[in-house]
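Read through the structure below, which is laid out as structure tokens, and then see the notes.
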Amino acid sequence: MARTFETAPEVLKELEQDENILWKGAPEAFPLINADTKKSLMTRWIGCVVAAIVLIIGYIILAGKADTNPWLIFVVLAVVLYLAASPLLDRKNVYKGCKYYVSDRRVLLHYADKEIYSLPLNGLKHNILAAEKGCVHVELGSCAGMKAAKRRAAAFVPKKNDNGDVIGMVIYNVEESAELNKLFS
């Protein structure tokens with residue numbers, strides 16, 4: 001069963017006169033590692049482990065030869081740890097932070113109850129792709145046809161052009177429905 005939620009007042013204020021919401025949805029639960037993300041996550045984590053080992057060995061070698069600040073290794077290792085943990089944060093950002101709306105004129109992303117991004121619906125390029133069981137991803141605009149490993153981040157950070165206008169976004173792992181399929185058919 002699809003996650004349900006009340007339409008946020010901020011979203012209602014964002015709607016133009018006579019604009020109506022035709023569909024709304026939120027990401028369903030999804031695993032951190034799946035076929036789309038496994039290769040990039042494993043590469044990232046192995047790279048982080050190698051980087052941490054190299055940094056620690058480099059620090060030990062430098063500590064014996066020069067006056068080095070011990071906080072430097074902690075800061076650098078914190079950055080490596082952040083890079084390793086960012087897929088966990090991305091998953092949380094998508095699952096807890098994203099709410100998607102499709103009106104008769106636009107697709108809207110309400111992120112973290114703070115930001116609202118929109119993309120005009122008229123003539124919008126799109127791909128509907130199978131996701132987790134009973135769910136789909138919808139790639140929109142410039143995100144249509146993107147690499148699967150980048151899809152999750154595009155679900156909460158839409159693509160923008162040089163002027164800051166949204167040109168692509170992804171509706172991520174929402175329950176497949178006849179209404180959604182009809183809107184993008």
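The values are calculated or read from the model by the stated rules, or taken from the named source; none is laboratory data. For clarity, every value in this text was computed on a predicted model and none was experimentally measured. Quick reminder, even Gly has a Cβ in these numbers, built from the backbone with ideal geometry, and neighbours come from all protein chains shown. Keep in mind that these areas ignore ligands, DNA and RNA; they rest on the heavy atoms of the full protein, side chains included. Shrake-Rupley method; radii C 1.70, N 1.55, O 1.52, S 1.80 Å.
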In this structure, does Asn181 turn out to be in contact (Cβ under 8 Å) with a residue 12 or more places away in the chain, touching a His at 6+ places or on another chain (Cβ under 7 Å) and among the polar types (S, T, N, Q)? no
Which of the following residues is farther than 19 Å from Trp23 by Cα, not hydrophobic (A, V, I, L, M, F, W, C) and not in a loop (DSSP other than H, G, I, E, B): Lys182, Lys133, Lys150? Lys150
The residue from Tyr95, Tyr101, Tyr59 that alone is of a type outside the set (A, V, I, L, M, F, W, C), surrounded by 13 or more Cβ atoms within 10 Å (Cβ to Cβ) and more than 30 Å from Ile171 (Cα to Cα) is Tyr59
Could you please find all residues in segment 7-31 being open to solvent by 80 Å² or more (accessible area, probe 1.4 Å) and within 24 Å of His137 (Cβ to Cβ)? Leu22
Considering only segment 91-118, state which residues are without any contact (Cβ under 8 Å) to a residue 60 or more places away in the chain and in contact with a helix residue (DSSP H, G or I) (Cβ under 6 Å, 6 or more places away or on another chain). Tyr111, Ala112
Looking at (1) modelled with pLDDT under 95; (2) more than 30 Å from Leu119 (Cα to Cα); (3) not basic (Lys, Arg), which is the only condition Val50 fails? (1)
Taking segment 117-175 and keeping residues charged (D, E, K, R), farther than 22 Å from Val11 by Cβ and surrounded by fewer than 20 Cβ atoms within 10 Å (Cβ to Cβ) leaves Lys125, Glu132, Lys133, Lys147, Lys150, Asp162
